[in-house]
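Student: Provided herewith is a single structure, encoded as structure tokens, for subsequent inquiry.
Bear in mind these aren't lab numbers, they're just calculated from the coordinates by the rules spelled out. What you are looking at is a predicted structure, and each value in this text was computed from that prediction instead of being measured. FYI the Cβ positions are ideal-geometry reconstructions off the backbone, even for glycines, and counts take in every protein chain you see.
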Amino acid sequence: MLAAVHHAEVVAHRVGEPFGSLVLAVAVTVIEVALILTLMLSGGKDTSTLARDTVFAAVMITCNGIVGLCLFVGAVKFGTTHFNAEGAGAALATVITLAVTCLVLPNFTTTTPGPEFSGSQLTFVAIASLTLYGMFVVTQTVRHRDFFLPVSESGKVLPEEDHAARPTNQRARRSLGMLVVSLVAVVGLAKIESAPIEEAVRELGLPQAVVGVVIALLVLLPESIAALNAARRDHTQVSLNLGYGPPWPASA
């Protein structure tokens, strides 16, 4: 996972922000979905709620853990953290809307027994979630791209050259190829990792939902490191882009 996200970061630096955060989000989502599907296919009915548990854990870890820790690190090192409130607010609003729609709303539907959507409800929620996420991506990369770029103390967007030294085209292409290889390797290793994770949870007598928390922690570890590194460079906006980004595609 660390290798996959490293190469994703190289590609991200080449394409620049906020496109770079999207590259990292896609990489993390592929890893997360691979682990979830592998565990669900090997675990039978006991893992039927694994996807929900993992996404819920990921949202909680990112919104409360990663973002909070980045703000704390930035404040300790620089005294005051600087980010664009419009971009951060839009990102947080999108996360909350997707989380409530996908994770909370099923508890209040009555068409089918239990906290789950019917077929038609699931179709509507899927289309609505994808539409919302697509609209946000357009806002982030086209309409209001400057809302998601690092800002100075005065609130002005930093020049592109101040963000990070861009890698060469050759290095970016090499990293793109290695990113694909790394993601394929992660998908393969997911099958090997699934059994020890489930066995450890059973031996400790913990509920099955803990498996989702473990997966979320494993998947978000490299992303957390990248976000903290950005916070230490006084690029809090990049940290927020990373923190609010990974769970969305999986939720949608």
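Student: For the peptides 119-128, 55-64, 222-231, 143-152, what is the packing order when you average, over each peptide's residues, the other Cβ atoms within 10 Å and list the highest mean first?
Tutor: Descending packing order for the listed peptides: 222-231, 55-64, 143-152, 119-128.
Student: Next up: Using a Förster distance of 22 angstrom, determine the FRET efficiency expected from the C-beta separation of SER118 and VAL26, and round it to 0.05.
Tutor: For SER118 and VAL26, the calculated efficiency is 0.15.
Student: Could you give the length gained on full extension between PHE78 and ASN107, defined as 0.36 nm per residue of separation minus the Cα-Cα distance, in nm?
Tutor: 6.1 nm
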